[in-house]
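Heads up: the structure comes next, in structure tokens.
The values are calculated or read from the model by the stated rules, or taken from the named source; none is laboratory data. Just so you know, these numbers come straight off a predicted model, no measurement behind them. Glycine gets a Cβ as well: all are built from the backbone with ideal geometry, and neighbour counts include every protein chain shown.
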Amino acid sequence: MNKIQNINKKTIAYYLVLITIAIFIFSEYIYFGPFQPISDLLDDMKVKYIFMFFSAFLFLIFIITRRKKLFKSGVFKKEAKLYLLAIGTLAIITVFYQIKNGFNSFVISEFMYLLLPLLFVILIVSVDYINITRILDNCFYVVVIVFLLGNIGMLNPSSIMSISFSGSSSPFENGSSMLFVLFELYYLTRYGKRNGKSLICLILTVLTLKRISVIMAVLFFIFAPMIKDKKIPRWVFGLTIVFFCAMPFLLEFFYSNSFASFFLARFGIDFNDFTMDRFTRTAYVLGNVDQIKYGYGSVTYFLTNNYGKGDVANRSLHSDLLRIYLECSFVGIFVYNICYFLSAKKDSISFLLLFTIFLQMIFNHPIGAGTVGNWIIIYLMIVYFNYRKEVPFYKEGRIKRRKIKLGKIEF
């Protein structure tokens, strides 16, 4: 009876996780079309957070009633501690700035966007880590379906032919581009070869046309099956940390008026047009850096009140690495970088996953509002990549479907 109850709880957890992620993805990636009103309604009513808290509450009950601790079998324990250290460092720096310059409540929501997906995945792993591959497989279908629903009526030859790679424009442009490239890496790794799902991910990444995502998707499709499962060499790890820690300083130089003038004189292209309005927005922030004084989230708060009124897209700096540096100093960006990459040091695929995300953080905003669903999936992928040799994940050849098939639900 206890075994049946335990299995039932795992299946309940599986469906709760899947529904929660589906609601997040639907509300975060339907930008237009006939389903946009539903997406906006779900977003306005905070349904995704309500369902997340409800699921988390049940998971806590499962853990308490089973008299278990978090991080069963040590899965995800080291990684979670590193991520909490990174976020905690940003929080400490933010508290220091707020004591010095005054309290602003916007930091609460900004930290929620960082903490909620991590805490949710900690509970998922503690309740049922066996089903993670099953969850990821169905999340892939969810992301594809949401993409199709969001572009219904536009998926035709003329729209596809209107994609401009030189101008980096596509009628299907969508933030889910990063998820498609990460799912491509996931399926290439899981099956050890190119397959139908990885090909679908490559095609959809091209359609959504985020330049960094397209480049990484092509490289993964060519080279990922050849990658050996090895720890990351120290020199590669060190160079990666140096590269991403130096990037905010390079971005400050690139977004200076002197470089913009050089770029125009050398190539005859307006640098603001080339960066799709990023130059004007970033230069405005750098020119008012004295206003970035409340810690994490200060840049978004400043842009929302002074630059992005009436336009949600302009509320983001579109460079999370530069944003964290401006908000939490070099100490903040250094600790954040090193903690996240330390979590992937034992596995080359996890390292590639984080490297792809951090590349996005140079010119985009993969953390913050509208990315909670993304990070739930990302953390689940890291669990799979880091522990796939140790854990008998569902459908991995070491556990059969009949062993986790549910009977009658009992509590």
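Summed over the range 222-255, residues that are outside any helix (DSSP H, G or I) and either in contact (Cβ under 8 Å) with a residue 40 or more places away in the chain or crowded, with 21+ Cβ neighbours inside 10 Å (or both) total 7. So is Ile333 closer than 28 Å to Leu42 by Cβ and of a type outside the set (Lys, Arg) or not? Answer is no for this residue.
Give the range 375-411 a look and list any residue that's in a loop (DSSP other than H, G, I, E, B), surrounded by 12 or more Cβ atoms within 10 Å (Cβ to Cβ) and at pLDDT 75 or above, or say none.
Residues of the range 375-411 in a loop (DSSP other than H, G, I, E, B): 388-400, 405-411.
Add one more test, that the residue is surrounded by 12 or more Cβ atoms within 10 Å (Cβ to Cβ), and what stays is 388, 391-396, 399, 406, 409.
Passing the criteria: Arg388, Val391, Pro392, Phe393, Tyr394.
Give me the residue from the range 289-306 that is exposed (fewer than 14 other Cβ atoms within 10 Å of the Cβ) and of a type outside the set (D, E, K, R) and, out of that set, nearest to Asp320 (Cα to Cα). Within the range 289-306, the match that is nearest to Asp320 (Cα to Cα) is Val289. Going through (1) modelled with pLDDT under 90; (2) in a helix (DSSP H, G or I) one by one, Leu219 falls short only on (1). Being closer than 20 Å to Ile93 by Cβ and charged (D, E, K, R) narrows it down to one residue among Asp273, Asp290; which is it? Of the residues listed, the single one that is closer than 20 Å to Ile93 by Cβ and charged (D, E, K, R) is Asp290.
Among helices (runs of 4 or more DSSP H) lying entirely in the range 126-216, which contain 1 or more residues that are within 20 Å of the chain's Cα centre (by Cα)?
Working: elements: 132-150, 157-161, 177-191, 196-208.
Output list reads 132-150, 177-191, 196-208.
So that you can scan it fast, the table gives a plain yes or no per residue for (1) part of a loop (DSSP other than H, G, I, E, B); (2) modelled with pLDDT under 95; (3) surrounded by fewer than 20 Cβ atoms within 10 Å (Cβ to Cβ):
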residue: Leu322; (1), (2), (3): no, no, no
residue: Cys328; (1), (2), (3): no, no, no
residue: Asn337; (1), (2), (3): no, no, no
residue: Phe341; (1), (2), (3): no, no, no
residue: Lys346; (1), (2), (3): yes, yes, yes
residue: Ile349; (1), (2), (3): no, yes, no
residue: Ile362; (1), (2), (3): no, no, yes
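Note on the range 50-81: residues that are over 17 Å from Thr11 (Cα atoms), crowded, with 17+ Cβ neighbours inside 10 Å and touching a residue at least 60 places away in the same chain (Cβ under 8 Å) amount to 3.
Looking at Arg266, Arg281 in this structure, which one is modelled with pLDDT under 95, more than 21 Å from Tyr325 (Cβ to Cβ), of a type in the set (Lys, Arg) and part of a helix (DSSP H, G or I)? I'd like the intermediate steps shown before the answer.
On the way: Arg281 fails: more than 21 Å from Tyr325 (Cβ to Cβ).
Within the list Arg266, Arg281, the selection yields Arg266.
Close Cβ contacts (under 6 Å, 6 or more residues apart or on different chains) running from residues in the range 352-378 that are within 17 Å of Leu188 (Cα to Cα) to residues that are crowded, with 22+ Cβ neighbours inside 10 Å and among the polar types (S, T, N, Q) are absent. Is it the case that some residue within the range 290-299 is in a helix (DSSP H, G or I), under 25 Å from Asn101 (Cα atoms), out of contact with any Leu (no Cβ under 7 Å at 6 or more places or on another chain) and of a type in the set (Ser, Thr, Tyr)? Yes, there is a match, as at least one residue in the range 290-299 is in a helix (DSSP H, G or I), under 25 Å from Asn101 (Cα atoms), out of contact with any Leu (no Cβ under 7 Å at 6 or more places or on another chain) and of a type in the set (Ser, Thr, Tyr).
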